[in-house]
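The values are calculated or read from the model by the stated rules, or taken from the named source; none is laboratory data. Note that the coordinates shown come from a computational prediction; the quantities given were computed from them, not determined experimentally. Reconstructed Cβ throughout: ideal geometry from the backbone, glycine too, with neighbour counts over all protein chains shown. These area figures cover heavy atoms from the full protein model, side chains too; ligands, DNA and RNA do not enter into them. Shrake-Rupley method; radii C 1.70, N 1.55, O 1.52, S 1.80 Å.
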Amino acid sequence: MIRHDGDMERTFAALPPAHGRGFAQTWWGQAWLKALEETALDLQQLKAGRRLARAGAVGAVSVRPGRITAVVQSRDRTAHRADVLLEELSAQQWDRFLDMTVERAGHVAALLDRDMPPHLVEDAAATGIELLPGMGDLEPECDCGAWDHCGHTAALCYQVARLLDQDPFVLFLMRGRGERDLLDDLQARSSAPAGTPPEASTSAEPEGVDAAEAYATGDILPPLPAVPELPTEPEAPPSLDTETPPALGVDPAALEFLAARTAAEAHRLLADALRTSPEQQATEAALTLAEDAVRFAAGSPAEDVAERLADGSGRGREGLALGVRAWRLGGVAALSVLDEEWTVEGETLARARAALESAWDEDERPSLRAQGNRWTVVGAPSQLRLGRDGRWWPYREELGRWVPAGGPAQDPATALASTQPASEDGAP
């Protein structure tokens, strides 16, 4: 691999203040902020970081493999060096990522357009590579002495979200590979001749063991073989396009779609199981028929199949399209927030009010009208909905109805920023 040393550190000039703007418009920028907000233990420090970033207190940002650095000025003009660390991918992980990417022309084209489609990240995750940070992955270091995220490291993260919006290669550099190195490796792998199939093993097949004997011997048997490597994507189900006419009441197109979506779901579940230990695996509740109809519709079925799903779910075409939009943002939880209005009471209401009170400075706090678990901005087509899990979901009014505007956030200000459209020049 050719390494361009000059490509392994990039410095971005200080960005102008971001008054009234969200820090992330792209889904990957919002995922970055979600990792920050789920990691930080003190919401007041997040609030302080947003305030500093909005005021333009973050200086030039240096991005290197595993680390981002900037000088951040406190409100009293004291300068602090803030660093945030992110683990680099190993050489083996990069090899798997590059091999996976060149197998799908759409992934390479998206990267060249400085886009990061969700399916690229999902395909990488299926091979055991987490490109975007998760909870606890953003490790702060600041000379102010704070042991957790302080206002300075939070401000740096909010500013980097704006950089990620403009150029996802910033994330790849943090993970250990500069833009030129990454593109050169992709080009080299794309132009390499197809490899010859591996030679058949000359070792003898292992002998079988009688089932009754195996049960009797119990713990003296050799250990089970290693789990086979997960395929990069589910295999396509067999085609039902044959010369034999289908049986009465059987729709081959619908059956093929059902088989394909079942294979994709099985692949996802297996990938999740291989990534986590049995103790970490959460038990998912069975979907209702209405929820399952939305899940299938999110798989982009043919027109006639979509019609049947719309009728069977009881949502109609427009309602199903709205459900699909919510599902793609957060699955069952997002669908529940779309459909259910519930009364917020007691301790839950107190926590919600406290979060809304601390999310903005006094002069920036929007006027909100509450109804159930929904807080609507007075005089603006924006709304926050509180999920039963305590997360805030952004909604925007379009053509007289409320539609999901983005994924959830622990902080209501971050969620509400997702309802604001990007400016014409593409800046967040």
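Against the condition open to solvent by less than 60 Å² (accessible area, probe 1.4 Å), modelled with pLDDT under 95 and more than 16 Å from Q25 (Cα to Cα), how does G426 come out, does it pass? Give the steps one after another, and end with the answer.
Values: open to solvent by less than 60 Å² (accessible area, probe 1.4 Å): yes; modelled with pLDDT under 95: yes; more than 16 Å from Q25 (Cα to Cα): no.
Taking the combined requirement at face value, the residue does not satisfy it.
Are there any pairs, at least 6 apart or on different chains, whose C-beta atoms fall under 9 Å, with the first in region 243-262 and open to solvent by 50 Å² or more (accessible area, probe 1.4 Å) and the second outside any helix (DSSP H, G or I) and charged (D, E, K, R), and if so, which?
Note: pairs meeting the criteria are E256/D241.
Kindly indicate whether any position in region 155-166 is open to solvent by 60 Å² or more (accessible area, probe 1.4 Å) and not hydrophobic (A, V, I, L, M, F, W, C). If you could, list the steps in order and put the result at the bottom.
Step one: filter region 155-166 for residues open to solvent by 60 Å² or more (accessible area, probe 1.4 Å), giving 166.
Those still in the list that are not hydrophobic (A, V, I, L, M, F, W, C) too: 166.
Scanning region 155-166, I find at least one residue that is open to solvent by 60 Å² or more (accessible area, probe 1.4 Å) and not hydrophobic (A, V, I, L, M, F, W, C), so the answer is yes.
Of all residues in region 33-79, count the ones that are among the polar types (S, T, N, Q) and either buried (at least 17 other Cβ atoms within 10 Å of the Cβ) or closer than 27 Å to W392 by Cα (or both).
First pass over region 33-79, keeping only residues among the polar types (S, T, N, Q): 39, 44-45, 62, 69, 73-74, 78.
If we keep only those that are either buried (at least 17 other Cβ atoms within 10 Å of the Cβ) or closer than 27 Å to W392 by Cα (or both) as well, we get 39, 44-45, 69, 73.
Qualifying residue count, region 33-79: 5.
Is there any pair with a first residue in region 371-384 that is free of Cβ contacts under 8 Å to residues at least 12 places away in the same chain and a second that is assigned to a strand (DSSP E or B) whose Cβ atoms are under 7 Å apart and which are 6 or more apart or on different chains, and what are they?
Between residues of region 371-384 that are free of Cβ contacts under 8 Å to residues at least 12 places away in the same chain and residues that are assigned to a strand (DSSP E or B), the close pairs are T376/L368; T376/R369; T376/Q383.
So, V305, is that one more than 27 Å from the chain's Cα centre (by Cα), buried (at least 19 other Cβ atoms within 10 Å of the Cβ) and either assigned to a helix (DSSP H, G or I) or without any contact (Cβ under 8 Å) to a residue 24 or more places away in the chain (or both) or not? Steps first, please.
On the way: more than 27 Å from the chain's Cα centre (by Cα): yes; buried (at least 19 other Cβ atoms within 10 Å of the Cβ): yes; either assigned to a helix (DSSP H, G or I) or without any contact (Cβ under 8 Å) to a residue 24 or more places away in the chain (or both): yes.
For V305, the condition - more than 27 Å from the chain's Cα centre (by Cα), buried (at least 19 other Cβ atoms within 10 Å of the Cβ) and either assigned to a helix (DSSP H, G or I) or without any contact (Cβ under 8 Å) to a residue 24 or more places away in the chain (or both) - is met.
Which one is nearest to A417 (Cα to Cα) among residues in region 38-96 that are in a helix (DSSP H, G or I) and touching a His at 6+ places or on another chain (Cβ under 8 Å)? Spell out the reasoning first.
Pass one, region 38-96, residues in a helix (DSSP H, G or I): 38-39, 43-54, 91-96.
Imposing the further condition that a residue be touching a His at 6+ places or on another chain (Cβ under 8 Å) reduces the set to 39, 45-46, 49, 52, 54.
Values: T39: 20, Q45: 18, L46: 15, G49: 15, L52: 16, R54: 13 Å.
Checking each candidate, the answer is R54.
Just checking, does region 291-299 include any residue being outside any helix (DSSP H, G or I), open to solvent by less than 40 Å² (accessible area, probe 1.4 Å) and either touching a residue at least 24 places away in the same chain (Cβ under 8 Å) or not aliphatic (A, V, I, L, M) (or both)?
Residues of region 291-299 that are outside any helix (DSSP H, G or I), as a first pass: 298-299.
Now restrict to residues that are open to solvent by less than 40 Å² (accessible area, probe 1.4 Å): 298-299.
Keeping just the survivors that are either touching a residue at least 24 places away in the same chain (Cβ under 8 Å) or not aliphatic (A, V, I, L, M) (or both) gives 298-299.
For region 291-299, residues outside any helix (DSSP H, G or I), open to solvent by less than 40 Å² (accessible area, probe 1.4 Å) and either touching a residue at least 24 places away in the same chain (Cβ under 8 Å) or not aliphatic (A, V, I, L, M) (or both): present.
Which of the residues spanning region 311-327 are modelled with pLDDT of 85 or more and either within 21 Å of P408 (Cβ to Cβ) or surrounded by 17 or more Cβ atoms within 10 Å (Cβ to Cβ) (or both)?
Passing the criteria: R315, L320, A321, L322, G323, V324, R325, A326, W327.
Filter region 89-147 down to residues that are of a type in the set (S, T, N, Q) and in contact (Cβ under 8 Å) with a residue 60 or more places away in the chain and give me whichever is surrounded by the fewest Cβ atoms within 10 Å (Cβ to Cβ). It would help to see each step written out before you state the result.
Taking region 89-147 first, the residues of a type in the set (S, T, N, Q) are 90, 92-93, 101, 127.
Then keep just the ones that are in contact (Cβ under 8 Å) with a residue 60 or more places away in the chain; that gives 101, 127.
Working: T101: 22, T127: 17.
Top of the filtered list is T127.
Within region 396-404, identify whether any single residue is more than 22 Å from E345 (Cβ to Cβ), in contact (Cβ under 8 Å) with a residue 40 or more places away in the chain and open to solvent by less than 20 Å² (accessible area, probe 1.4 Å), and answer yes or no. Please lay out each step first, then the result.
Filtering region 396-404 down to residues more than 22 Å from E345 (Cβ to Cβ) leaves 396-404.
With in contact (Cβ under 8 Å) with a residue 40 or more places away in the chain added as a condition, the list becomes 401, 403-404.
This time we only want the ones that are open to solvent by less than 20 Å² (accessible area, probe 1.4 Å), so: 403-404.
For region 396-404, residues more than 22 Å from E345 (Cβ to Cβ), in contact (Cβ under 8 Å) with a residue 40 or more places away in the chain and open to solvent by less than 20 Å² (accessible area, probe 1.4 Å): present.
Looking at E265, E284, which is the one that is under 25 Å from T127 (Cβ atoms), surrounded by 10 or more Cβ atoms within 10 Å (Cβ to Cβ), among the charged types (D, E, K, R) and at pLDDT below 75? Full working, then the answer.
On the way: E265 fails: at pLDDT below 75.
Just one listed residue meets the conditions, E284.
For every residue, the table says whether it meets (1) assigned to a helix (DSSP H, G or I); (2) modelled with pLDDT of 90 or more; (3) closer than 22 Å to W27 by Cβ.
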| position | (1), (2), (3) |
| --- | --- |
| A146 | no, no, no |
| T153 | yes, yes, no |
| F172 | yes, yes, yes |
| R180 | yes, no, no |
| D185 | yes, no, no |
| T196 | no, no, no |
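Among T11, T26, which is the only one that is among the β-branched types (V, I, T) and at pLDDT 90 or above? Don't jump to the end; show me each part of the working.
Details: T26 fails: at pLDDT 90 or above.
Checking each option against the conditions leaves just T11.
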